[in-house]
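The values are calculated or read from the model by the stated rules, or taken from the named source; none is laboratory data. Nothing here was measured: the structure is a model prediction, and the numbers come from that model. Here the Cβ positions follow ideal geometry from the backbone for every residue, glycine too, while neighbour counts run over all protein chains shown. To get the accessible areas, we keep the full protein, side chains included, count just its heavy atoms, and leave off ligands, DNA and RNA. Shrake-Rupley method; radii C 1.70, N 1.55, O 1.52, S 1.80 Å.
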Amino acid sequence: LVTGGTRGVGKGAALGLGEAGARVYVTGRTERTGQSTLPGTLAGTVAAVERLGGTAVGLICDHRVDAAVARAIARVTSDTGRLDVLVNNVYASPEQRAAGVPFWELPISYWDELTSVGLRSHYVASVYAAPIMVAQGRGLIVNISSSAASDYSPMFGVAYGVAKAALDRLTADMARELKPH
């Protein structure tokens, strides 16, 4: 399962898994062209995965809605009986850009978008996935981070860096608790 797989790193992860022959479930909010000003769609990612030899299923999912995330994970396990890999990639791309804008001039909603979708959603998906992986005795959770976690990024600013640093800590602490399993 690759969250936020309609564009960027998430799409790249889905394509790589597909190229390796995996059955890939991809979440996103953009089902088809014209629904978003951003490039990339679920249908486009599904088609690309299948061109590379994988099987793909696109799942409409707004990761700000916990029940939608639970449904996506339930769909994977219902179809396959397992969940081998969770790639947490979903990220909010706020309309306001931080490049060159000091944090005090950005709307507080910029922080909220980055931490609720870019951080919280990784935690939520992992909460739903971990019990499945623990019960099956194996699994891999991959959280996509950034060098902005350790070095200031003038392109993305303070809120982005803090969210990615917190994601790195989340990853390390979840790994510690999952290690015995």
Residues with beta-carbon under 10 Å from that of SER93, excluding SER93: net charge, scoring Lys, Arg +1 and Asp, Glu -1? 0
What shape does the range 1-86 take by its C-alpha gyration tensor, where a ≥ b ≥ c are the square roots of the eigenvalues and a/c under 1.5 counts as rounded, a/b above b/c as prolate, and the rest as oblate? oblate
Taking H as built 1.01 Å from N, whose amide H comes closer than 5 Å to the amide H of VAL2, not counting residues under 5 places away? TYR25, VAL26, THR27, VAL87
Out of LEU86, LEU106, LEU167, a Gaussian network model of the chain with alpha-carbon springs under 10 Å gives the largest mean-square fluctuation to LEU106
Put +1 on the Cβ of every Lys and Arg and -1 on every Asp and Glu Cβ in the chain; which of ALA163, MET133, GLY40 then has its Cα farthest towards the positive end of the dipole? MET133
Around GLU113, with a cut-off of 11 angstrom between Cβ atoms, what is the net charge of the other residues, counting Lys and Arg +1 and Asp and Glu -1? 0
Can you order the peptides 19-31, 50-62 by their average number of other Cβ atoms within 10 Å per residue, highest first? 19-31, 50-62
Amide N proximity, the range 1-31 versus MET155 label position 7 Å along Cα-to-Cβ, cut-off under 14 Å: 8-9
Note the full-extension length gain between ALA20 and ALA68 as 0.36 nm times their separation in residues minus their Cα-Cα distance, in nm to one decimal. 14.5 nm
In terms of modelled amide H atoms, which long-range or inter-chain residues lie less than 5 Å from the amide H of ILE141? LEU86
Could you work out the helix-only [θ] at 222 nm for the chain, with each DSSP H run of four or more residues adding -39,500 (n - 2.57) and the total divided by the number of residues, to the nearest 500 deg cm²/dmol? -14500 deg cm²/dmol
Dipole magnitude (debye, nearest 20) for the range 1-153, charges at Cβ of Lys, Arg, Asp, Glu: 400
Looking only at PRO102, PRO94, PRO39, which one moves most when the chain is put into a Gaussian network model with springs between Cα atoms under 10 Å? PRO102
Counting only protein heavy atoms, what percent of the accessible surface of the range 1-94 is carbon or sulfur at a 1.4 Å probe? 51
Neighbour-limited loop hits for trypsin sites (Lys or Arg not before Pro), the range 96-173 (at most 16 other Cβ within 10 Å; DSSP other than H, G, I, E, B): ARG97, ARG138
The answer for GluC sites (Glu not before Pro) in the range 60-119 that fall in a DSSP coil and have at most 16 neighbouring Cβ atoms within 10 Å is GLU95
Would you tally the net charge around THR171, using a Cβ to Cβ cut-off of less than 13 Å, leaving THR171 out, and scoring K and R as +1, D and E as -1? +1
If one puts a single equal scatterer on every Cα of the chain and applies the Debye formula without solvent, what log₁₀ I(q)/I(0) results at q = 0.10, 0.11, 0.15 Å⁻¹? -0.39, -0.47, -0.87
